[in-house]
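Student: Take a look at the following structure, please.
The values are calculated or read from the model by the stated rules, or taken from the named source; none is laboratory data. Keep in mind it's a predicted model, so treat the numbers as computed, not measured. Glycine also receives a Cβ, built like all others from the backbone with ideal geometry; neighbour counts cover every protein chain displayed. When the accessible area is computed, the model is the full protein with side chains, heavy atoms only, and any ligands, DNA or RNA have been set aside. Shrake-Rupley method; radii C 1.70, N 1.55, O 1.52, S 1.80 Å.
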Amino acid sequence: QVQLVESGGDLVQPGGSLRLSCAASGSSFSIYFMGWYRQAPGKMRELVARIGSIGSTNYLDSVKGRFTISRDNAKNTVYLQMNSLKPEDTAVYFCNADGHYTDTGRIFDSWGQGTQVTVSS
C-alpha cells in the first residue's frame with residue numbers, strides 16, 4: 001500500500017511563505033499524478049495544484065502566481081511552495097497520489113493525513 005506523509009505546515013503571517021512536502025512510500029508502484037488539496041472549516045475539499053509524471057501542472061485560480069508545485073520522481077516526493085500567503089489560504093492541506101502497482105497492475109489513489117496551514121497576524 002502506498003503511504004503519503006506530509007510535512008511543512010505551520011503558522012505564518014500574511015505575505016509569508018511556506019513549503020509543503022509529501023513523500024510516498026511503499027513497494028512496486030508507479031505514480032501518475034501527485035497533488036495538493038485543501039479543506040477549510042465548513043468548506044468542501046478543493047484541488048489546489050496537481051502535477052503529472054512528466055511535469056504538466058494545473059492550479060486553483062486563486063493560487064496562480066503565488067503557489068508552485070514540483071516533484072522529484074526519484075524520491076517520489078511532491079512539493080508545494082506557497083508565497084504571498086493570505087488568511088484565506090488557511091486550511092488543512094492534503095497530499096494525494098494516484099498510479100498503479102507494477103506487480104499487480106492494480107490502481108491506487110492514496111491520501112496523506114493532512115498538515116495544517118494557518119495564515120494569521
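Student: Residue by residue through the stretch 54-92, note down the ones that are farther than 15 Å from residue 117 by Cβ, in a loop (DSSP other than H, G, I, E, B) and without any contact (Cβ under 8 Å) to a residue 24 or more places away in the chain.
Tutor: Once the filter is applied, which keeps residues that are farther than 15 Å from residue 117 by Cβ, in a loop (DSSP other than H, G, I, E, B) and without any contact (Cβ under 8 Å) to a residue 24 or more places away in the chain, the stretch 54-92 yields 54, 55, 56, 64, 65.
Student: What are the residues in the stretch 40-53 that are touching a strand residue (DSSP E or B) at 6+ places or on another chain (Cβ under 7 Å) and not in a strand (DSSP E or B), if any?
Tutor: Within the stretch 40-53, 40, 45, 52, 53 meet the criteria.
Student: Being modelled with pLDDT of 95 or more, surrounded by 15 or more Cβ atoms within 10 Å (Cβ to Cβ), touching an Asp or Glu at 6+ places or on another chain (Cβ under 6 Å) and outside any strand (DSSP E or B), is that true of even one residue in the stretch 99-112?
Tutor: yes
Student: For the stretch 14-38, what are the residues that are closer than 19 Å to residue 92 by Cβ and either open to solvent by 70 Å² or more (accessible area, probe 1.4 Å) or in a loop (DSSP other than H, G, I, E, B) (or both)?
Tutor: 14, 16, 17, 19
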